[in-house]
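The values are calculated or read from the model by the stated rules, or taken from the named source; none is laboratory data. The structure displayed is predicted, hence computed values, not measured ones. A quick note on method: Cβ atoms are made from the backbone with ideal geometry, for glycine too, and the neighbour counts reach across all protein chains shown. Heavy atoms of the whole protein, side chains included, go into the accessibility calculation; ligands, DNA and RNA do not. Shrake-Rupley method; radii C 1.70, N 1.55, O 1.52, S 1.80 Å.
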Amino acid sequence: MERSEILTLSLILARNKTRILFLALLSILAGSVTGYAKKKAEYPRAEIMVSYNYHEVHLKTDAKAYVAEIPMVLLTNGMDSKFYNLRHEYFDSLHSTPSGHKLWRELMNAAARKAVETGNFDDVPAAPIQLYVFKSAKDSVLTVFDTNGSSSSHYYAEPLGTMQWYIGDSTKTILGYECFLAETDFRGRHWRAWFAPDIPLHDGPWKLCGLPGLILEAAEDSGQHIFTACGIEKSCAEILPVYRKKEYEKAKRIDVLKAQRKYLLKGDAMSMMLIQNTPDGSKVDIPTPSINENPDLHVDFLETDYH
C-alpha cells in the first residue's frame, strides 16, 4: 500500500473515530436529559380551582382587633388538594432562587420609596397570610405550613377527616349550585357549612372536608372566621409543594398556636429582649393583658383548643 493511501485511510479512520466519539457523546447527553426528565418530580393535578374570600377578624401585636378580607385558592381533585394565598406563594417562589430574591429586593426598595413619598404601603411585597393546607386522601393526612410569631416557619401533620358532621335539610344556592347545610364542632368552634352535592369532591377551604360535596361556604358562630366561595373553574394545574420546604421546622399544633398567641400579646423574642433588659440589668415584666382590660382579646384563631 502506497504511503498516500495509508495516509488517506488514517484520515478516514480518524474522522470516523471522531464521529463515533461525537455520536457517543450525544448519546450520553441524550441519556442524561432523558434521565433528568424521568427524575423530574410529577405532582398530582387539580380538577378544579375554587376562589374563596376569607373574612378574618384577627389580632395584631398591638393587641387590637382588625378585619381582613383575604383571597384564597383551593386546588383540588378530591384526593389531593392545596389551600393557599397566591400572593404568598409568589413571594415564596422569589425567595427560592438568587435571581428571584434579587427581584424581591428591587420590589421592596421600590415599595419603600413609594411609602416614604406617599405613605402608601400597598406595594410592599408581603402577603396577608402565610398559610398552606395540604390534604391527601390517599395517605389520610392533612399538613399545615405556617409561620410561628414574626418569622419562624413550621409545619405539622394530623389525621385527615376527623370532623363529625350533622347534615340538615336547609338549602341555599351558591354560585348556581344547590347547597345543603351541615354542622360540626371542631376544636373549640361550632361551624356551619354549605356543601354542593353536584360537585362530588369531599373537600373545602382550610381543614374543612368530609362532606358528600364541595364546601362552598363555612362560618363559625362568632363570625370571626368565614369562608365564601366566589369563583369555580376547571383547572389541570399541578398541586405543587411548598417552596423552600426545608426551611420549615416540624412542630406540634398546640405548641404552634400557643407560640402565635404569645407573640401577639408580648411580641417576638427580640422585642421582648429590648424592652425587658434595662440599663441596670434588671428585668421588666410584661404582663399579659386580660379580656376585661381589652375586649378585643376575645378574638382568636380558627382553633381555640390550645388554651
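Mind counting the residues in the stretch 102-127 that are surrounded by fewer than 15 Cβ atoms within 10 Å (Cβ to Cβ) and in contact (Cβ under 8 Å) with a residue 24 or more places away in the chain?
The qualifying residues number 1.
Based on what the data block shows, is Ser99 open to solvent by 40 Å² or more (accessible area, probe 1.4 Å) and either closer than 30 Å to Glu47 by Cβ or part of a helix (DSSP H, G or I) (or both)?
The answer is yes for Ser99.
Before we move on, is Ser150 within 24 Å of Ala259 (Cβ to Cβ), at pLDDT below 95 and surrounded by 12 or more Cβ atoms within 10 Å (Cβ to Cβ)?
The answer is yes for Ser150.
Check off (1) closer than 26 Å to Val299 by Cβ; (2) touching a helix residue (DSSP H, G or I) at 6+ places or on another chain (Cβ under 6 Å) for Leu257 and give me the number that stays unchecked.
(2)
Can you find even one residue in the stretch 186-199 that is small (Gly, Ala, Ser), closer than 16 Å to Ala229 by Cβ, out of contact with any Ser or Thr (no Cβ under 7 Å at 6 or more places or on another chain) and buried (at least 20 other Cβ atoms within 10 Å of the Cβ)?
Scanning the stretch 186-199 turns up at least one residue that is small (Gly, Ala, Ser), closer than 16 Å to Ala229 by Cβ, out of contact with any Ser or Thr (no Cβ under 7 Å at 6 or more places or on another chain) and buried (at least 20 other Cβ atoms within 10 Å of the Cβ).
Being basic (Lys, Arg), part of a loop (DSSP other than H, G, I, E, B) and either modelled with pLDDT under 90 or open to solvent by 60 Å² or more (accessible area, probe 1.4 Å) (or both), is that true of even one residue in the stretch 269-292?
no
Test Gly204 against the criterion of being touching a residue at least 40 places away in the same chain (Cβ under 8 Å), open to solvent by 10 Å² or more (accessible area, probe 1.4 Å) and outside any helix (DSSP H, G or I), and give yes or no.
For Gly204, the condition - touching a residue at least 40 places away in the same chain (Cβ under 8 Å), open to solvent by 10 Å² or more (accessible area, probe 1.4 Å) and outside any helix (DSSP H, G or I) - is not met.
Would you say Ile167 is surrounded by fewer than 16 Cβ atoms within 10 Å (Cβ to Cβ), touching a strand residue (DSSP E or B) at 6+ places or on another chain (Cβ under 9 Å) and of a type in the set (A, V, I, L, M, F, W, C)?
Answer is yes for this residue.
Suppose we keep only residues that are crowded, with 19+ Cβ neighbours inside 10 Å, in contact (Cβ under 8 Å) with a residue 40 or more places away in the chain and in a loop (DSSP other than H, G, I, E, B) within the stretch 211-238. Which one would you say is farthest from the chain's Cα centre (by Cα)?
Only one residue fits best here, namely Leu211.
How many residues are over 15 Å from Glu238 (Cα atoms), part of a strand (DSSP E or B) and either modelled with pLDDT under 95 or among the β-branched types (Val, Ile, Thr) (or both) when one looks only at the stretch 67-94?
Of the residues in that region, 2 qualify.
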